[in-house]
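The values are calculated or read from the model by the stated rules, or taken from the named source; none is laboratory data. If you're wondering where the values come from, they're calculated on a predicted model, not measured in any experiment. Note that we place each Cβ from the backbone using ideal geometry, even for glycine, and neighbour counts take in every protein chain shown.
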Amino acid sequence: MQLRKPHTSELADSSAAELSDAPASSPKLNGLKGDARDRAAEKKRRLARKHEFRSRTSPLDFETLEREQNPMRGFFVLFWTFMAFYVLVTAYQNWRRDGFIVSLRFYFIFSQDAWGLIKADAAMVGSMFFSVVFQKLFVWGLIPRAQVRIVQHTLQSIWFAACLFTVFWKSWPWIQSGFFVLHSIAMMFKMHSYNAYNIELFFKNLRLQKLRKLVAAHKKDDDAPRSPTSPVTPSSPTLTGFDDPQSPDAIRAEITLLERELVKPSHAYPNNITFFNFIDYLLVPTLVYELEYPRTKDFRPLYFLQKAAATFATFGLLYISYEHYIHPVLLDMSNLGFFDSFMQLLMPFMMCYLLIFFIIFECICNAFAELTFFADREFYDDWWNSVTFDEFARKWNKPVHEFLLRHVYLESITSYKLSKNDATLLTFFLSSCVHELVMVIIGKRLRFYLFFMQMFQIPLIYISRLPFFRGRKTAGNAFFWFGMFMGPPLLAVVYMREHYA
């Protein structure tokens, strides 16, 4: 998984029509009387989410290409045909040189303590269900409202620290350690989004109840008999977030907005806080929690089997690429210079990078989407056409991008009053720290190579926006691909030389 920053223009095109779909991770719900600053802050929070889930297909899905008669669908067949010959040629060369088709050295590495990894991963996922208990206790009033955020982050920090301790305690090889820590990070994102959004819905539900009482009281006052000499005075209390705070219509409008967010056809807060709902959320391929997601009507067994088969086939390609084109170079790295190591590993690492993208976002995500009837299959966009690195950041990994957009970038603006540039820098910084944490866990060393390379994307973004690249999409795309071919393989080499040279 690769963490991605949000684009700095995500807030600019939000509209007032999205008020009901605007959760904030740290709501500051005012009383029924508030000053102009509180009203402005509340309005800004409601604009703090742009993206909505909707029914969409995966760009590289062959069924989509066939249905739309996409002229590029032949390249999908070309890819798998090329990969088939790639496997055959590799097997033939191994047979001629070593007397076997596929070496099993890599298999013995990633199969080490496989049952231990499975049990630890199952325990990690099972421990996440304390979030449901936490939300129930909060709804029942057993957790103080003023301290709920502190309790939430404390519990999540203890949980994540336990996951990291498990990796060090188990002393797994780098593959098992990498898988477990990446899965733990993804589950931590899910947990945070679940808790943050439900806490916000709790406060919004309180406000909804108060507004309903105001409407009822206002109606009662209007229905009360008055003497002919009694003056008529407005009875509606001041509300935040509206131009006319005395208008009963404004109260009813806000009630409608809150009801649209709190009540969905399949779930309504707080009835959504159940173990079954949480299981469903863990299985859907998204990192942000919603009361309701768009769903498909039918489960297609053949489509699911196709994605499952593609997962295993792509993993086989990864195995062959590492076993026969990367691992031998690593074993001989002590006899190779840095430049020789880089040149020999450049193409194999880039091949693995692309295969990992395909196996995660096209195979695994679509398989889980089909299994859970999840209709929004746009887990990535046409990132290969990117002309800037911030465009690549938005398109390459949409699940993580959406999480960072909502819970880091926008939250830092709405809750901590950061500017857009500062929020962007903070998002990059946190993303880089998480990336480096993965490398620390895998390599058991702190080197900051990945951290600085992640942060180096910021000047690259400004370079790609220079006048020379404006209006020259081909040049921008070539600059982007040059960075892609240099960056990931270079990082892999510097980390690998720490262990093998």
- Message: Regarding region 303-325, can at least one residue be identified that is among the polar types (S, T, N, Q), in a helix (DSSP H, G or I) and surrounded by fewer than 14 Cβ atoms within 10 Å (Cβ to Cβ)?
- Response: no
- Residue that is in a helix (DSSP H, G or I), basic (Lys, Arg) and in contact (Cβ under 8 Å) with a residue 24 or more places away in the chain, where the choices are LYS119, LYS210: LYS210
- Pairs where the first residue, in region 441-467, is touching a residue at least 24 places away in the same chain (Cβ under 8 Å) and closer than 18 Å to PHE485 by Cα and the second is in a loop (DSSP other than H, G, I, E, B) and among the aliphatic types (A, V, I, L, M), C-beta under 8 Å, 6+ apart: SER464/VAL387
- Flag if ILE175 is closer than 23 Å to ILE442 by Cβ and out of contact with any Phe, Trp or Tyr (no Cβ under 8 Å at 6 or more places or on another chain): no
- Message: Given the options VAL151, VAL139, VAL133, VAL181, name the one that is surrounded by 19 or more Cβ atoms within 10 Å (Cβ to Cβ) and either without any contact (Cβ under 8 Å) to a residue 24 or more places away in the chain or β-branched (Val, Ile, Thr) (or both).
- Response: VAL181
- Query: Can you pull out the helices (runs of 4 or more DSSP H) entirely within region 396-471 that have at least 3 residues that are under 18 Å from the mean Cα position of the chain (by Cα) and surrounded by fewer than 19 Cβ atoms within 10 Å (Cβ to Cβ)?
  - Reply: 420-443
- Task: Given the conditions (1) over 24 Å from ALA478 (Cβ atoms); (2) at pLDDT below 90; (3) of a type in the set (D, E, K, R), report the number of the one that GLU402 does not fulfil.
- Result: (2)
- Taking region 154-178 and the residues there that are under 23 Å from PHE202 (Cα atoms) and in contact (Cβ under 8 Å) with a residue 12 or more places away in the chain, the one that is farthest from the chain's Cα centre (by Cα) would be LEU155
- Note on the structure: Just one listed residue, out of VAL167, VAL125, VAL215, is touching a helix residue (DSSP H, G or I) at 6+ places or on another chain (Cβ under 9 Å), surrounded by 19 or more Cβ atoms within 10 Å (Cβ to Cβ), among the aliphatic types (A, V, I, L, M) and in a helix (DSSP H, G or I), and it is VAL167
- Message: Here is a list: SER235, SER247, SER266. Which entry is under 24 Å from HIS407 (Cβ atoms) and modelled with pLDDT under 90?
- Response: SER266
- Residues that are free of Cβ contacts under 8 Å to residues at least 12 places away in the same chain and within 16 Å of ALA369 (Cβ to Cβ), drawn from region 255-296: ILE279
